[in-house]
Amino acid sequence: MIKEGTATFIDGRGPVTPYAGKYAVKTADVFDRIRARWDNVGLADAPYRPLRIEFELTTKCNDSCPSCGMGALSLQAGRSLTDRQIELLLGEFADVALPCVAITGGEPFVAMRALLRFMSQARGFGVEVNKLTTNGIWGSAKRCGATFDQLTQAGLLDNELFVPLLMLSIGEQTTPLEHVARIIHHAVTEYTDRDLNVAISSLADPTDREHKIYDLLRLYEQTYGDFPHDRVHSTMRVYLENERLEDQAPIHRPGNTSVARWMDSCYDCFAPTVGSYVLPTALLKASGDLYACAAFNVPEKLGFGNLFRESLRAILARTNRSDYVATVRAGGGLKALHAVIPRKETEQMTCGSFCGSCALLIDAFEERTGTTTQEAALPFVATDALFTRPSSAAGGRRG
C-alpha cells in the first residue's frame, strides 16, 4: 500500500504535482486558487485560515468501539445534524471561502439522508468534500454498488480542486471485513485514481500493536485476487487517550517519551499543505464546538468558539488573537515553543502523543507568558437545544 507521508506539497515551497498523494489535488495552482478565494471574501491578511474543516455529521454509530477517538454514541443516543444546521454550516463555510471539508462521525452512513443532503448542497456553496470517513457498514453485496451510485449522483466526483478520498476505518469496529474489501474492490475497479482515492486507517491497541489490516489483505486476496497496493493509501496508528471521553476504555501506552522529543518531531500543522495532509485543518464537533486542530484528542484549550452561537469569522478572529497559536504557527510547529519553555524543562516532561505534549505545552506557555489561550471558556449549550432549535441558537450571530 501507499505509505502515508509521501507527496507533501506546502504553499510557497516548490511546485505542486496534481494527482499525487493521499489528498491529491487536481491542479498545480491549487494554492493560488485558494488564496484568490480568500482575497474575494476579505481574508487575504488573516494569519490563520483552515484549508479544511473536519466535522461530525452525526454522533450516531452502528458500532461501539471502546477506544473511539470521536466519542461516538449509539444509534439511539446519538444525533445527526438537521437540515437547518447543514444550511447554516454551508453558509458559514462559504462566508470564509473554506476550500473543502472532511465528513466524519459517528458513522456518516447511518445518517445517509443528511450525508447526501450536505453533499448535494455543498456544490452550490463552493465547498468540496475531499474526505469521507466510514467503517464500511454499507459494504454489503446489496448496498455497496447502490451507495456508490448515490454518492456519485450527490456530487462526490465533481470537485474542481481535490480528488475525493474515501477513508475506511478498521480497528475495534465489528463491521465485517468482507464489507470493507467489497468497497475497496468496487472503488478501484469502477473509478480511476483521478476520480477517487482510497485509504485504510488501521488503528491498533498500543499494548499489542496488532492491526486488522493484515486480515483484510488476506481476505481481499482470497476473494478478489491481488490486492491493489498501488491504489490504496495506508494510515497505521494506535488508539490514544482522549480527555473528552469520560467512559473511554483505559489506554495503556507503553513507554514515556519526553515532550522535548515530541516537539522536535512535530510537523508544521499551520503551514498550508496538501498531498499527504490538508493543513491547517480544524475540527467541528456536532455540538458546534470548533477546534484549531483536527486530532482526535485535540486539547480543549484549542477550542475557540461554537459555530451554532457565533459566526465562523468571529471564531477565526479569536483564534488569530491567541498568542499560543501565533507562536506555533510562526515557528513551524511545537518546536517553536523551545524559545519560550526551556528545553531542560520539556525534557523532564513526558507523555504518550503529540497531542498530549501540546496540552502540557499550552499550560506551560500560559504560565511563562502570562497569557490565556482561550479568551473565555467555551459556553455550555445543551446538546438537545443545538439539534432542535438551531435558529434560536444562532440568533443575533451577525450583530
In this structure, the FRET efficiency calculated for Leu75 and Arg123 from their beta-carbon separation, with R0 = 30 Å, to the nearest 0.05, is 0.55
On the formula 1/(1 + (r/R0)^6), with r taken between the Cβ atoms of Gln222 and Tyr267 and R0 of 51 Å, the FRET efficiency rounded to 0.05 is 0.85
Per GNM of the chain with C-alpha springs under 10 angstrom, the most fluctuating residue out of Gly303, Gly352, Gly21 is Gly352
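In percent, how large is the relative contact order of the chain, given Cα pairs closer than 8 Å and 6 or more residues apart?
Once divided by the residue count of the chain, the mean separation gives 20 percent.
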Per residue, accessible area of the chain with a 1.4 Å probe, heavy atoms of protein chains only, in Å², comes to 42 Å²
From DSSP H assignment alone, runs of 4+ in the chain each adding -39500 (n - 2.57), the sum over residues rounded to the nearest 500 puts [θ] at 222 nm at -9000 deg cm²/dmol
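Which value in Å does the Kirkwood hydrodynamic radius of the stretch 64-185 take, with 1/r averaged over all unlike C-alpha pairs and then inverted?
So the Kirkwood estimate lands at 15.2 Å.
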The set of cysteines in the chain having no other cysteine's C-beta under 4.7 Å reads Cys61, Cys100, Cys144, Cys266, Cys269, Cys293, Cys351, Cys355, Cys358
Candidates Ser258, Ser169, Ser276; GNM for the chain (alpha-carbon contacts under 10 Å) flags as most fluctuating Ser258
Under 17 Å by backbone N from the virtual spin label 7 Å along Cα-to-Cβ at Thr369, the residues of the stretch 49-82 are 49
In this structure, among Lys3/Lys301; Lys285/Lys335; Lys212/Lys335; Lys131/Lys285, pairs with alpha-carbon gaps over 25 Å are Lys3/Lys301; Lys285/Lys335; Lys212/Lys335
So for R0 = 30 Å, FRET eff. of Thr82-Asp39 from the Cβ-Cβ r, to 0.05, ends up at 0.35
Non-local residues with an amide H under 5 Å from the amide H of Phe162, with H modelled 1.01 Å from N and Pro and chain starts lacking one, are Lys26
Calc'd 3J(HN,Hα), the stretch 132-148, phi into Karplus 6.51 cos²θ - 1.76 cosθ + 1.60 (θ = phi - 60°), Hz, glycine/Pro = x, comes to 9, 9, 8, 8, x, 3, 8, x, 6, 4, 6, 9, 4, x, 5, 5, 4
A 1.4 Å probe over the protein heavy atoms gives the chain a carbon and sulfur accessible-area percentage of 48 percent
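The values are calculated or read from the model by the stated rules, or taken from the named source; none is laboratory data. Just so it is clear, the model here is predicted, and its values are computed rather than measured. Please note: Cβ atoms are built from the backbone with ideal geometry, for glycine as well, and neighbour counts cover all protein chains shown. Surface accessibility is based on the protein's heavy atoms, side chains included, excluding ligands, DNA and RNA. Shrake-Rupley method; radii C 1.70, N 1.55, O 1.52, S 1.80 Å.
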